[in-house]
1. Angle between the Cα long axis of helix B:286-302 and the longest principal axis of chain B, 0 to 90 degrees, nearest 10?
2. For the protein assembly as shown, report the % of Cα-Cα distances exceeding 55 Å.
3. I want the local charge near residue A:312. Using Cβ-Cβ distances under 13 Å, sum +1 for each Lys or Arg and -1 for each Asp or Glu among the other residues.
4. Based solely on its DSSP helices, what 222 nm [θ] is calculated for chain B when runs of n ≥ 4 H residues each add -39,500 (n - 2.57) and the sum is averaged over all residues, nearest 500 deg cm²/dmol?
5. Give me, ordered by chain and number, the residues 5 or more places off residue A:425 or on other chains with an amide H under 5 Å from its own placed amide H.
6. If we count every other residue with Cβ under 12 angstrom of residue B:236's Cβ, Lys/Arg +1 and Asp/Glu -1, where does the sum land?
7. Amide H of residue B:457 versus every other amide H placed in the peptide plane: which residues, excluding those fewer than 5 positions away on the same chain, fall under 5 Å?
8. Can you sort A:167, B:236 by how many other beta carbons sit within 10 Å, fewest first?
2 protein chains.
Amino acid sequence: MSEIIELLRGRLGERVSLGDEDRAAHSHDYWALTALRSSRGQPPPQVAAVVRPADTSEVSWVLARCHETGTPVIPYGLGSGVCGAIMGRPDAVVLSLEGLTGLHHLDEHNGTARFGAGTRGSDAEAAVAAEGFTLGHQPQSIGVSTVGGWVATRASGQFSTAYGNIEDLITDIEVVLADGRVLRTATTPRSSTGPDLRQLFLGSEGTLGVITEVGFSLIRRPESTAGQAFHFVDMEAGLEAIRVVVQSGWAPPVARLYDPRESLHHFPEDCPEGRCALLWVHEGPVPRVEVEVDAVARICADLGGESLNPSTVDQWFEHRNRVSPWESFFERGIVLDTIEVGCSWDRAGELYRRAVSSCSRVDGVLSVSAHSSHSYRAGTALYFTFLARPDDGSLMENTYLECWAAVMDAVGEVGGVISHHHGIGRVRRGYLAEQLGPVGLDLLRSIKGALDPRAILNPGALIPD
Amino acid sequence: MSEIIELLRGRLGERVSLGDEDRAAHSHDYWALTALRSSRGQPPPQVAAVVRPADTSEVSWVLARCHETGTPVIPYGLGSGVCGAIMGRPDAVVLSLEGLTGLHHLDEHNGTARFGAGTRGSDAEAAVAAEGFTLGHQPQSIGVSTVGGWVATRASGQFSTAYGNIEDLITDIEVVLADGRVLRTATTPRSSTGPDLRQLFLGSEGTLGVITEVGFSLIRRPESTAGQAFHFVDMEAGLEAIRVVVQSGWAPPVARLYDPRESLHHFPEDCPEGRCALLWVHEGPVPRVEVEVDAVARICADLGGESLNPSTVDQWFEHRNRVSPWESFFERGIVLDTIEVGCSWDRAGELYRRAVSSCSRVDGVLSVSAHSSHSYRAGTALYFTFLARPDDGSLMENTYLECWAAVMDAVGEVGGVISHHHGIGRVRRGYLAEQLGPVGLDLLRSIKGALDPRAILNPGALIPD
C-alpha cells in the first residue's frame, strides 16, 4: 500500500489522510450490523487512507492511479447508507467526495440545477429553495446524505408518489470511470440515442464509477400544500384506498399508511388503537389541490376510512426525519433495523402479514411493524421495522440476521423486490442472486467486468462473489 | 451461410424462409433513404433468410446457434422504424418476432398487462381497452409497430407529456441475450437492486438482445377528456405557454405547438396565417380536467394566446396517424423526412430558427417546418419535416443527406440531443460520437462487447464502427 499512498500524496499532499480516527470514521456506513459489532468492540477493518480530491480532475487522476496499481477504492459521500455498502479493508483507500460540493449552476428558466456530488442533500435543497424551487426529493436522510449518494443508491424521497424517485428527478450526471475517464451525459430531459448511460450508475453503489456531479430537473415551489388523514380497519383497507387514488390518476406526493403498531406509536392521541393511519399530502396549483383533497377524501370515505385529526400530518412533518442512534438501543440489549421492500398491489397485504408474522417468530423479537410510503399504479413499497432483545446478549447478531432472513424469505415466497430504495450493500448481497436470477446476475457481472476490469471499485458491495 | 440455414431449418422447418420476396421485405425498415434508393432500382442487400421462432425458447435456441456460428442476426418487429436500423446483408438472418404475439396476462387489480414483443401496438391497445385501460402510449406508428419495437427504440407516444415515454410505462421485460440466455426482470414497479437492467435494452435497437415480452403498467381509461386550442404570434410565444403550464405542475397529456407553416397546413380554415397553433388535450378525473382546462386557458391568454376553434383538436385526433407513403413524393421528384430532436427550453426557439434557416438554404428545399410535441419541466422536443426537389433528380440522395446534416449541425451548435424518440439506426450513426462524447461512445462499445462478444446482433445499427 505504501507506494500508492506515496504516489497519491505526491499530488494531494495532506488531502491523503492517514489519521487513525479519520480512517476509522470512513471505514463504515450507517449499517446497523456494523454499528452493533463496533459497540461490541469489533469495529470493521480500517482503510489505508482517506483521499480527498478537490475536483473532478483530481478524482480522475486518483482513479487512474488506483486503476494502474489495482488499488481498491471505496467512494464515500456522507456515510449514511444503511446496507453496509461502505466497509473498510486494509488494502483500500476511501475516496471522499467532500471536496466536490456546492451549487455549480442554477437555471431558473429551464428549472435545472447542478451540484457537486458531495453536496449534502439539505444544502442542495436550501440552495434551490432560495430560488423558489424544490428538488422534489426528500429522503429521511436529507440532512446526512449527498446528492451523489442518492444516485448511487437509487434513492427515494418521501414525496415520490407524485414526483418520482431519484432517477425521475435528475437530468444529467458526471461520472469518473474506474480508469479515470470522465463521462458527462447530455443535459436535455430525454433522448433516444442508445441505452440511457446514466442508468448504469443509478444503483451502482460505487461499484461501476464515481459520480462527481448531478444535474436536477427542479420543481417550482407549489402554490398550495394541504394535508389530510384517515384511519382504516386494517392494512388491506388502507392499501386499497391508496391503490384507488393512484390508479384514478390523482397524484398526491405523500401517501403514508401505518400499520396499527406504528399508528399508535406516531399518533397515540389521535389514532384509535388497532386502526391504520393514512396520511396524505397534496401539492400543486391551488385549484388542483382543492379538487384532489375532495376526491381523495371521498375515495377514503367510500372505502371505510374515517377522518383522523389533520394535525397528524403536521406531526409527521415535524418528526419525519428524526432517527434515534442505533447505540441508544444496543445499550439496552436491543437490536433493530428497517427493511424496505416492494410488491404489486395484490400481494401487499399478504406480504405485510407474512413478513410480520415470520419475523415475529424469531426468538427475542419485541416488535415488527410496517408502513407503506411510496406507491405506484402497479404496486407499493412496504417499510418494515423490527426490534429484538434476545435473552442472551451474545446472540444479538444472530437475531438480527434471522429477522432479515424472515423478511427476505417472505418477499421471495410472496413475490416482490428485496429492496425498494435502500439498496443492496452487504446486508442484501446474499439475496441478490435469487432476486436477479442467474442471467440477471451474470449480466450485472459482465457490466462490472466491462466497466471496472480490475475490480477496484468498492469490492464486496452489491455484487455477490 | 448454408450450414447455419440448414441447422435452423432442422428445428424450425419452413419457418426459416428463403423466399426472395420474404427476404426482400425484411431487409429494410421504413427509412426514407432506403425507400428512395429502392425506388431508383437500388434496393438494399437481402438477408439470407427470415427466421420465425414461435416462442421465447425458440428465439433462445436460434440465437444460441447464431452465436456459436458467428451469424449476424437482425431482430425485426414490423419494420416501421424510420432510421435505417434494419438493413439487409447477405451474411445475416432476420429474426422476426411475428410468432411472439398476443396478450399473455392482464391483471385488473394491479393494472398490468404483458404481451409478446411482436404484438402490434394497436392490437395491444385494443386488448387493454377492452378491460377499461389504455397503455398510455400512442405513437403515430401504433398500427404498424410492435410493443417490443417500442422498447428497442425508446419510443414516445403522443400523450407523453403526462404519461411519460415507453421507459416510464413498462414494468418488466423478457430479453434473450446474444448467446441465447433468457433474462426476465422483476415485475414490481420499482426497485433498488443494482442498476436497472431493463435500461440496457431500452434504446438498444436490436444490438444488445432480442426483446421477447413486454409488461406494461396500464392507465385506467380516464373519466374525462377535453381539448382546447390557441394560436400564438410565433413559436417562442407558444413554447413559453407550454413551459409555464408544465412547470406550474399541470399535466395535460398532449401539448402540440405547430409553426406557422404546419398550422396552416393542418388547420387552414381555423388558424390565421402566420400564427402558431397550440393544441391541448386534458385527461383524468372530471374535476381535475375542469380546473386544468381553466388554468391552461388562463396561462395561454396571459401569454398572448388567442382562442382557436376547439374542433382543431378533433381534426388532429382524426388525422393524427395518417402518413403518406414516401413513394408518392419520390414520384414527383421530392425527397423528404422527419427529424425529431430535443433541447432545453432556453434553446428551443433558437434551435427552431437555426435548423429551419439552415435546412432551407440547402439547394432544392421546398419547405422546412416543425412542431413541439413532447414536453418536460426542463425542455421540449422539436419535430422537423423537410421536403426538397432538387433540379437534378440524381441529386435527391445528396439533398436528403444535406438536409439531415443541416438539422444535426444546428443541434450540435445550439446544444441538444440528436434524437428525442426515433433513435439512431443508420441515419444518425455518424452523429452519435459527438452526441455521446468519446467516453460515452467507448462505454456503449464496452457494453456491446460484454453483452454480445461475437457482435452478431444487428451489426451496423446504432453503434458507429
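Bear in mind that the values in this text are calculations on the coordinates, not laboratory data. No experiment lies behind these values; they were computed from the predicted model shown. So basically every Cβ, Gly included, is an ideal-geometry build from the backbone, and we count neighbours across all protein chains shown.
1. Result, in degrees: 60.
2. On the way: 50685 of 431985 pairs.
Percent of Cα pairs beyond 55 Å in the protein assembly as shown: 12.
3. -3
4. -11000 deg cm²/dmol
5. Hits under the 5 Å cutoff: A:462.
6. That sum, taken over residues with Cβ under 12 Å, equals -2.
7. Result for residue B:457 returns B:73.
8. Details: A:167 21, B:236 14.
Result, fewest neighbours first: B:236, A:167.
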